[in-house]
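Written out below as structure tokens is the structure these notes cover.
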Amino acid sequence: MDTSQSSRSSQQSAGHIIVEGQSGVLVARINGGPHALFDAALTKQLKELVDRADRDPDIHAVVFTSTHPDRFLSHSDVGWLQKGGTGFPPINTRIAGLVARTARLINRVPIVRTLAGMTRLKTLLQLDSFHATFLKMNASGTIFIAALNGSALAVGAELAWACDLRIMADGDYVIGLTEVLLALTPGGGGSQRLPRLIGTQQTLAAVLEGRPFTPAEALALGAVDEVVPQDQVLARSIERAEYLSRRSKESLGAIKRSIYFGSSLPLEQGLQFEHAEFLVRDQSKEAQRRMLDYIAATDATGELPLLDWEKYARALSAGGIGGSSRV
Amino acid sequence: MDTSQSSRSSQQSAGHIIVEGQSGVLVARINGGPHALFDAALTKQLKELVDRADRDPDIHAVVFTSTHPDRFLSHSDVGWLQKGGTGFPPINTRIAGLVARTARLINRVPIVRTLAGMTRLKTLLQLDSFHATFLKMNASGTIFIAALNGSALAVGAELAWACDLRIMADGDYVIGLTEVLLALTPGGGGSQRLPRLIGTQQTLAAVLEGRPFTPAEALALGAVDEVVPQDQVLARSIERAEYLSRRSKESLGAIKRSIYFGSSLPLEQGLQFEHAEFLVRDQSKEAQRRMLDYIAATDATGELPLLDWEKYARALSAGGIGGSSRV
Amino acid sequence: MDTSQSSRSSQQSAGHIIVEGQSGVLVARINGGPHALFDAALTKQLKELVDRADRDPDIHAVVFTSTHPDRFLSHSDVGWLQKGGTGFPPINTRIAGLVARTARLINRVPIVRTLAGMTRLKTLLQLDSFHATFLKMNASGTIFIAALNGSALAVGAELAWACDLRIMADGDYVIGLTEVLLALTPGGGGSQRLPRLIGTQQTLAAVLEGRPFTPAEALALGAVDEVVPQDQVLARSIERAEYLSRRSKESLGAIKRSIYFGSSLPLEQGLQFEHAEFLVRDQSKEAQRRMLDYIAATDATGELPLLDWEKYARALSAGGIGGSSRV
């Protein structure tokens with residue numbers, strides 16, 4: 001206990017998130033202290049921000065960046081991780097067996113709920129409460145963009161990969177999963193979201209080694225979407241956020257869910273998932289209005305608006321075709 | 001009703017498919033009217049063609065192309081889509097909840113069967129009856145090739161991605177998913193098949209934006225397999241179809257199912273799926289005959305035929321090694 | 001029966017595996033006879049080796065290579081495959097139906113267990129007993145590397161793709177799945193592991209054709225990890241094996257399982273799978289010791305060791321940071 005207390009005081013003052021803006025595109029500046037660490041306080045504030053951005057129809061995007069000059073997020077507060085592994089007596093075989101069997105029973109009882117009832121594990125489970133927050137980001141109609149002003153290791157990379165787009169600063173920065181070097185394994189979704197971004201083999205080789213990617217490597221592999229000079233990272237991220245924000249928030253949510261969740265399902269189930277999302281959108285007032293206008297425009301001009309490249313380009317810029325602008 | 005009637009009359013005369021050939025490689029020319037639209041009539045004819053091609057052992061491939069000079073398929077008849085969203089009273093929360101919950105209950109009761117019993121939704125469900133047709137294309141030993149003589153948006157792209165190969169015309173054409181611009185979400189499998197072709201991240205960025213790919217972009221990403229001059233699209237597609245057609249139709253079906261369905265399953269289940277397909281093929285008369293001939297050829301020459309590059313090249317050209325040609 | 005007897009005698013003397021080393025990195029030289037064939041004897045010896053390497057905490061990696069001058073493994077003993085398809089009377093529709101239905105019932109009763117009870121199928125099932133061995137390789141903390149000294153077709157390629165890394169000899173060699181040319185379909189995991197390595201579309205096109213990849217093609221697609229001159233294949237493979245071997249065997253296993261199995265699950269289930277692996281690692285003695293040392297080093301120097309590029313580079317080389325070297 002002494003050790004984790006002293007480490008906490010030396011490594012970390014409680015992190016906080018400074019949010020700019022009330023609607024449209026918010027900028028969320030993560031302050032993880034002098035070491036740019038992710039801790040319990042940041043977990044809680046991240047959850048509150050994501051909940052609000054998801055719920056509020058006037059918030060269309062959140063751009064995450066950091067107050068640190070050359071780091072996005074270093075990694076977790078290691079004292080917090082270490083304490084999480086010691087919140088109960090030396091591992092007994094009953095728990096170990098339960099955990100191990102979960103791998104095979106994965107389709108039945110989710111371990112999280114089972115373990116949550118065991119009070120001694122609460123500290124450890126709290127470490128991973130951000131899993132639910134990351135999943136909510138994936139399911140939301142709000143767009144999340146990581147403006148990577150610097151390096152992002154472990155949970156820093158995992159937060160970036162839970163976003164919809166990643167714009168990374170060029171320079172002496174890295175992004176990657178370092179857990180193996182501490183005899184750990186990724187715990188914030190990195191081993192799940194990175195293979196879905198860049199494929200299993202590139203992920204496997206890098207994560208087994210604990211080797212991070214330079215900006216150029218990350219871009220070539222698809223682990224980030226753009227690399228720009230550091231002083232343009234935030235502006236470019238906001239620009240991408242604003243472009244996407246002009247589209248229907250409900251459609252963006254349906255598309256994100258279909259791709260993130262649907263396309264990870266067996267093909268037939270994924271198609272049913274997509275179908276359900278389509279049913280809801282097709283009967284929405286906004287889609288109905290846009291379709292009626294599209295039909296009227298076709299009748300008036302004798303051509304399908306989307307097959308007229310100039311009109312298509314204007315629709316991309318405006319975020320929609322047919323119907324008045326977003327209400 | 002007036003609106004959808006007038007839109008129907010102005011946008012669309014009933015589409016039809018002109019099929020050339022009776023066996024071997026069929027060419028199916030899709031006529032979607034002056035606007036090259038996909039509608040209910042085409043859905044029905046597509047189903048009949050796919051059913052026949054799948055069932056008839058003498059039909060080995062179908063090449064889809066279009067009668068329009070520079071479009072493969074523009075997109076759906078929007079009046080049809082729009083009417084599909086209004087076939088029942090303003091959405092009530094019970095239905096909305098049912099649909100929404102499906103996303104989470106996806107492993108249990110498929111929504112389609114549940115909703116199908118609700119007669120007011122029949123029109124809407126009919127819109128998506130081509131889902132089953134596209135799945136049959138994926139499961140069939142018949143090879144389907146999209147000869148993209150021009151642009152393909154929305155369901156046009158989705159039909160192409162449900163094929164086994166895509167040969168696209170070079171030029172001022174595009175392929176992509178535009179649904180977000182009408183406040184919709186893809187409904188014909190695009191959000192499921194495109195990520196399985198080109199990865200989730202490239203799919204996500206394009207579909208959130210509603211941005212299509214040029215032929216060069218589509219080729220670089222893997223969204224099409226070849227780009228050739230427009231006047232060579234059909235010939236090249238037939239050439240690829242004939243090459244594949246020389247192989248065992250039953251083997252082609254087993255391979256397609258293993259890759260399309262099996263590789264979308266959890267790894268262990270995918271391996272069991274492949275195993276079942278292998279069991280059936282291994283005891284087939286054609287495989288037994290080819291294996292016995294292969295053994296005899298090895299004995300006669302002292303070398304494994306497939307390890308002799310000249311014999312291997314001839315086998316690729318002939319569609320098989322050992323055994324007489326396909327019966 | 002005569003045919004399969006004569007083929008067995010002519011094609012194949014019983015294969016065996018020569019293992020060099022007792023701990024650390026083992027080199028396993030596969031001797032598949034003059035034709036470099038995979039047979040029942042090799043299946044059994046492979047299982048024993050993998051079981052031992054997985055269980056023994058002092059074995060960190062196995063490098064597979066071949067005693068043949070220019071082949072890794074040609075393919076299976078075809079007489080063995082052919083006999084497997086004839087171990088019971090001409091296929092009856094009840095069995096065929098059972099197998100076929102499995103494709104749709106895949107989430108319920110695994111076919112293997114059902115069929116295993118039917119004694120007439122035992123020979124056939126034995127053919128595929130290496131499935132379990134390949135899965136154990138994927139789940140193990142031991143690293144498996146294919147040192148491809150030459151060509152690898154069918155099961156030869158499937159063994160390579162069940163390894164964690166593949167180093168291939170440059171030259172007139174190929175790797176690929178040839179099954180369609182014998183009217184078969186891949187049965188050793190190739191149709192499942194190759195799409196997870198290089199994507200479904202590249203896999204589909206190659207496997208439908210029965211076309212193999214040259215070393216350059218395989219490298220470009222990601223079907224192998226490195227191509228080097230033939231005389232450096234083994235040395236380079238051992239070098240990669242030793243580098244990875246310095247890391248915690250338990251962490252390597254957790255990472256492999258999370259990526260191979262977890263990332264093939266629906267996203268939410270994959271995240272739960274990863275979470276379970278993290279729980280076990282976080283409370284391990286080795287991780288606890290390394291984390292405490294990491295905290296102490298941060299306190300002593302005022303900087304996070306992993307954010308100091310020189311220390312990070314040393315950690316990659318040493319296989320870990322914090323804590324004494326691996327016990």
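Every number in this text was worked out from the coordinates using simple rules, so none of it is lab data. Quick caveat, the model's predicted, so the values are computed rather than measured. Here the Cβ positions follow ideal geometry from the backbone for every residue, glycine too, while neighbour counts run over all protein chains shown.
Data overview
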{"read-out": "Cα→Cβ-extended label distance, 7 Å offset, between A:TRP309 and A:ASP70, nm", "value": "4.5 nm"}
{"read-out": "For B:201-213, mean number of other protein chain Cβ atoms within 10 Å", "value": "6"}
{"read-out": "In order through region C:142-152: 3J(HN,Hα) via Karplus (6.51 cos²θ - 1.76 cosθ + 1.60), integer Hz, x for Gly, Pro", "value": "6, 8, 10, 10, 8, 8, 7, 6, x, 6, 8"}
{"read-out": "Amide proton proximity set for C:LEU26, modelled H, under 5 Å, gap of 5+", "value": "C:HIS60, C:ALA61, C:VAL62, C:VAL63"}
{"read-out": "Shielding score for C:26-36, defined as the mean number of other chain Cβ atoms within 10 Å", "value": "1"}
{"read-out": "Förster radius 41 Å - calculated FRET efficiency between A:ALA132 and B:ASP51, Cβ distance, rounded to 0.05", "value": "0.35"}
{"read-out": "By average C-beta atoms within 10 angstrom, highest first, the peptides A:18-30, C:247-259, A:175-187", "value": "A:175-187, C:247-259, A:18-30"}
{"read-out": "Average partner coverage of A:76-84, which counts Cβ from other chains inside 10 Å", "value": "5"}
{"read-out": "Net length gained if the chain between C:ASP172 and C:ALA297 were fully extended (0.36 nm per residue, minus Cα distance)", "value": "39.8 nm"}
{"read-out": "In sequence order, calculated HN-Hα J values of region B:18-30 (Karplus, 6.51, -1.76, 1.60; Hz; x Gly/Pro)", "value": "9, 9, 9, x, 10, 8, x, 9, 8, 10, 10, 9, 8"}
{"read-out": "Point-charge dipole on Cβ atoms (K/R +1, D/E -1) for region B:210-327, about Cα centre, debye to 20", "value": "360 debye"}
{"read-out": "Charge dipole magnitude, Cβ of K and R +1, D and E -1 - region C:189-267, Cα centre, debye nearest 20", "value": "400 debye"}
{"read-out": "A:GLU239 paired with C:GLN232, simple spin-label distance in nm, labels 7 Å along Cα-to-beta-carbon", "value": "4.2 nm"}
{"read-out": "For region C:145-285: relative contact order, % (alpha-carbon pairs under 8 angstrom, 6 or more apart)", "value": "24 percent"}
{"read-out": "Efficiency of FRET from Cβ geometry, C:SER317 and C:ASP58, R₀ 22 Å, rounded to 0.05", "value": "0.55"}
{"read-out": "From phi via Karplus (6.51, -1.76, 1.60), per-residue ³J(HN,Hα) for region B:42-51 in Hz, x at Gly/Pro", "value": "5, 3, 5, 5, 4, 4, 5, 5, 5, 4"}
